[in-house]
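Enquirer: Structure incoming, see below.
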Amino acid sequence: MSDGSSELEAAVARFIADAQATRDSFVGEGTVMQLRPGVEDFAERLAALPSAMEADAVASDVAHANAYLLRDQRPGVERRAAGRELSADALVDTGVAGLLLSDAPFDGKALAAELAAYLAGPAIPIWDYAIIDADVAEVGPIPVVEGWELVTPTAEDLAGLVGVPSAARHAGRSAFNLDLYGGLAMLRRVDPDGKPHSGFVIYWNLRPSHALWQPLLALSLFQNPVVHLWAQYDVEPGRRVGVLFDRVYTEPWTPDGVTEVEVVRRGDYEIDERNAPRLRRFLAQFALLLDRALAQPAKPTRGSRERAARLRRLAEHFLTAGEDAHGEGEVLSELNADAVLHYVIALEAVLTGDDSDKSELTRKVVQRAAILAGANDADRRLVAALVLDAYRARSSYAHGGEPEDIDLPGLRRVVRDCILTRLIIGDPTPSGETLASLADAALLDHTLLAERVRGPISDFWTTVDGS
């Protein structure tokens with residue numbers, strides 16, 4: 001911290017000492033109906049202490065010196081100039097009031113330093129955290145893409161993020177359920193545009209998975225089970241966790257047949273010690289391919305920008321198709337047509353690209369999907385039949401009919417293969433033609449198919465397999 005930090009920590013330490021002295025008399029005010037008065041009432045009592053007001057004044061000066069949470073001042077509007085207020089709400093939110101009221105042991109010096117940093121900074125990197133429903137073993141951080149990494153934080157790791165670490169277990173409005181969320185799979189990264197907040201964060205994104213399309217697409221292309229985004233947080237580690245949204249699904253479980261406990265139900269996407277090394281190699285290769293696909297020339301053109309935007313759009317449709325799915329893409333029967341619609345849109349974005357000729361669109365997409373996703377002639381026939389069925393279902397749905405359910409796991413696998421092939425081969429390809437043109441030519445030229453389509457795909461997976 002900057003000059004003044006020692007003075008602030010000393011002022012906060014005096015406040016903590018006064019708070020401990022206040023606790024005994026406060027607890028003595030309990031009644032038969034309420035043996036111990038509530039944390040909120042205790043926090044109000046603490047915030048009114050002279051030592052709290054002294055620490056708050058010092059914190060304001062130090063926060064200003066640190067340029068931490070500076071606020072524009074408006075005539076006629078009373079507003080804190082910098083930092084956070086040492087208020088009753090702050091004492092509840094950080095867990096400090098709960099910790100002091102509990103009379104649990106703690107390191108007073110560490111608590112004073114943490115509370116001082118919460119109030120006055122200096123600024124530290126802000127992190128994005130997102131919970132996904134994957135079942136991931138504790139295999140250490142795995143780099144994904146765009147700065148994201150896949151982790152499985154323990155409950156204690158999460159406690160180090162919430163409120164102030166020493167009091168995290170007593171936070172009145174904890175962003176994380178520490179006991180339930182410890183060990184869940186999370187994506188995290190330093191937010192390059194992150195800024196500290198002092199109030200609520202208003203989040204308007206109706207499809208949060210779209211904002212994380214790159215890491216979610218990367219994980220989804222590795223294996224067929226669907227991976228869902230369950231929650232997202234704006235984290236100032238050891239100071240504040242802002243909940244952007246939280247839809248972690250829990251259910252009751254009775255391990256002994258009698259006692260009922262809440263547990264988190266994970267999805268079918270699994271990473272364990274056996275396939276984690278392969279995932280690491282896959283993601284390392286994927287990151288290079290994605291960077292190449294999104295790269296812009298020194299002077300971006302309309303075409304280069306559109307290709308990058310199209311990749312994002314097709315990824316968003318692919319992710320949307322799996323939002324209400326489980327397993328490898330299965331959905332309730334009434335949602336089948338919607339999922340098919342999004343998968344077909346994603347396929348068209350991959351396989352028609354810059355095509356100005358939209359005639360015979362169905363035939364083109366069916367044939368190109370078979371060429372790019374089919375491993376051999378028999379597989380190509382299966383792919384073609386499945387994509388044609390998807391088109392027929394989409395048409396029936398668009399015209400108000402009742403389409404038959406489509407094999408969504410199979411269709412999802414085809415779309416995944418086509419997206420990954422688009423990244424591996426490139427669009428345009430190294431030879432300059434579009435991916436669609438290459439697929440059309442490879443339809444009647446097995447040498448071309450083997451050398452320029454199946455060959456690069458095989459080389460990619462050989463690297464991933466560590467062969």
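We did not get these values from a lab; they are worked out from the coordinates using the rules stated. Predicted model, so just to flag it, every value in this text is computed and none were measured. Cβ placement follows ideal geometry from the backbone for every residue including glycine, while neighbour counts extend to all protein chains displayed.
Enquirer: Given N residues in region 296-464, what is its alpha carbon radius of gyration divided by 2.2 N^0.38 Å?
Expert: Compactness ratio reported: 1.03.
Enquirer: Between region 281-342 and region 51-72, how many Å separate their Cα centres?
Expert: 46
Enquirer: Also, I was wondering about something else. Within 13 Å, Cβ to Cβ, of S220, how many net charges do the neighbouring residues add up to if Lys/Arg are +1 and Asp/Glu are -1?
Expert: -3
Enquirer: Ok, one more. What size of dipole, in debye to the nearest 20, comes out for region 5-120 about its Cα centre when the only charges are +1 on Lys and Arg C-beta atoms and -1 on Asp and Glu C-beta atoms?
Expert: 180
Enquirer: Quick one: longest stretch of the chain between exposed loop GluC sites (Glu not before Pro), exposed meaning at most 16 other C-beta atoms within 10 Å and loop per DSSP?
Expert: It works out to 147-259.
Enquirer: May I pose another question? Within 10 Å of each residue's Cβ, count the other Cβ atoms and sort T254, T352, T362, T463 from fewest upward.
Expert: Final ranking by Cβ density, sparse to dense: T254, T463, T362, T352.
Enquirer: Pairs of Cα atoms under 8 Å, at least six residues apart: use those to get the relative contact order of region 37-107, whole percent.
Expert: Computed value for region 37-107: 39 percent relative contact order.
Enquirer: In addition: For the chain, just the Cα set please: Rg and Dmax, both in angstrom.
Expert: Expressed in Å, the Cα Rg and Dmax of the chain come to 27.7, 89.
Enquirer: With a cut-off of at most 14 other beta carbons within 10 Å, and DSSP calling the residue loop, which chymotrypsin sites (Phe, Trp or Tyr not before Pro) in region 123-217 qualify? Please list them.
Expert: F200, Y203, W204
Enquirer: Which longest run of the chain has no exposed loop site in it, a site being trypsin sites (Lys or Arg not before Pro) in a DSSP loop with at most 14 other beta carbons within 10 Å, and the site itself not part of the run?
Expert: So the longest stretch without any such site is 359-467.
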